[in-house]
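Below is one structure; the comments refer to it alone.
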Amino acid sequence: MNILLCCSAGMSTSLLVNKMEKAASEEGVNAKIQAVATTEVRNHINDVDVVLLGPQVRYLLNDIRKIGDEKGVPVDTINPMHYGSCNGKEVLKAAIQLIGK
């Protein structure tokens, strides 16, 4: 499974990537997780199964969801509590639920 996290510059979500990768490893989930700026979504949408937005860019949800809809990729925002606490396990769980696996 390929998960794309997006924020303003891809920096703050990169902290969450490490926590999610650790959670995936512990759960036996094969996942490739990357973080990019929201401006890069179109460059990655063909290679991912789900897109999650950082809470600070949730105002872009409808725009990015349109991009995802064109490719059949679910898009949603990361729960602010899970984001703020860098709870990789819960964010991974949300991504899996969105994909339907």
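No lab work stands behind these numbers, since they all come straight from the coordinates. Everything quoted here is computed from the prediction, not taken from an experiment. Positions of Cβ are backbone-derived with ideal geometry, glycine not excepted, and every protein chain shown enters the neighbour counts.
From helices alone, the chain scores -13500 deg cm²/dmol at 222 nm; the rule is -39500 (n - 2.57) for each run of n ≥ 4 DSSP H residues, then divide by the residue total. Kirkwood-type hydrodynamic radius, the range 1-59: 11.5 Å, calculated from all non-identical alpha-carbon pairs. For the range 84-101 and the range 5-56, what is the centre-to-centre distance using only Cα atoms, to the nearest Å? The distance from the Cα centre of the range 84-101 to that of the range 5-56 comes to 10 Å.
log₁₀ I(q)/I(0) of the chain at q = 0.25 Å⁻¹, via Debye over equal Cα point scatterers, no solvent, to two decimals? So the normalised log intensities work out to -1.48.
Counting charges near residue 46 (Lys, Arg +1; Asp, Glu -1) among other residues having Cβ under 12 Å from its Cβ returns a value of -1.
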